[in-house]
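Engineer: My questions all concern the structure below.
Every read-out reported here was derived from the displayed coordinates using simple, explicitly stated rules and does not represent laboratory data. It should be emphasised that the depicted structure is a prediction, and the values quoted were computed from it without experimental measurement. Backbone-built Cβ (ideal geometry, glycine too); neighbour counts: all protein chains shown.
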């Protein structure tokens, strides 16, 4: 994936600021109030090493990561239908709660809206995962219309060990025949080590093929 740049907005109790989220396929970066933030996931932004404490005074951190704020951005997407492919936008809004006494934070709310020339689909925000929100959006689309992204690809799956909010999808485009035989967790374990790389749910490549229901570990 080449570096992408998403128009973004950061908001907390101290105000709202427009920014840009840069994405190189494995790391997200943004600058807010003069502080550089980076992380593998939208809920894992940490200040860049060496950031003076005084610049962090207006931010809230839990375990060294940004919280008690809202991060929103617009991610370019592609929707494919009977008339061919068309450009689309995934509008993402993530609310991160307060630090929890037991560790972590007390709330994570993710809302995703897909818009394109011919329609609009919105997730309920009930799951807190890109996986479930994007699949929920896909279920709202007509059978012959789909989002062309890694979450919908025939050659992608998640580790049975779990995954984060975003960016932990495994790509098996280099082991298509072996992955095609997977039907359960038991048959997935021997294939898991063949994964070429981790990919982000919103990405896609020239080997994309629309996923057939019942494929792989995740079905």
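Engineer: Of the listed values [x] 8, 32, 33, 21, 6, 0; [y] 7, 25, 32, 25, 10, 2, 0; [z] 7, 29, 39, 21, 4, 0, identify the label whose number matches P(r) over Cα pairs in 10 Å bins from 0, in percent calculated from this model.
Structural biologist: Answer by label: [x].
Engineer: For the chain, what relative contact order do you get, as a whole percent, if you take Cα pairs closer than 8 Å and at least 6 residues apart?
Structural biologist: That works out to 14 percent.
Engineer: So if R0 is 30 Å, what FRET efficiency would residue 78 and residue 48 give, r being the distance between their Cβ atoms, rounded to the nearest 0.05?
Structural biologist: 0.40
Engineer: Would you mind calculating the relative contact order of region 1-120 from Cα pairs under 8 angstrom and at least 6 residues apart, reporting the percent as a whole number?
Structural biologist: Once normalised by length, the contact order is 18 percent.
Engineer: Of 106, 203, 132, 157, how do they rank once you tally other Cβ atoms within 10 Å and put the fewest first?
Structural biologist: 106, 132, 203, 157
Engineer: OK, next. Using the 10 angstrom Cβ neighbour count as an exposure proxy, how do 100, 22 rank, fewest first?
Structural biologist: Ascending number of Cβ neighbours within 10 Å: 100, 22.
Engineer: Calculate for the chain the 222 nm mean residue ellipticity that helices alone would give, adding -39,500 (n - 2.57) per DSSP H run of length 4 or more and normalising by residue count, nearest 500 deg cm²/dmol.
Structural biologist: The helix-only estimate for the chain comes to -3000 deg cm²/dmol at 222 nm.
Engineer: Still on this structure, please answer the following. Run the numbers for residue 117 and residue 9: contour at 0.36 nm per residue of separation, minus the present Cα-Cα distance, in nm.
Structural biologist: 36.5 nm
Engineer: I've got another one for you. Relative to the first principal axis of the alpha-carbon coordinates of the chain, what is the inclination of helix 130-140, with its axis defined by its Cα atoms, in degrees from 0 to 90 and to the nearest 10?
Structural biologist: Its long axis makes an angle of about 50 degrees.
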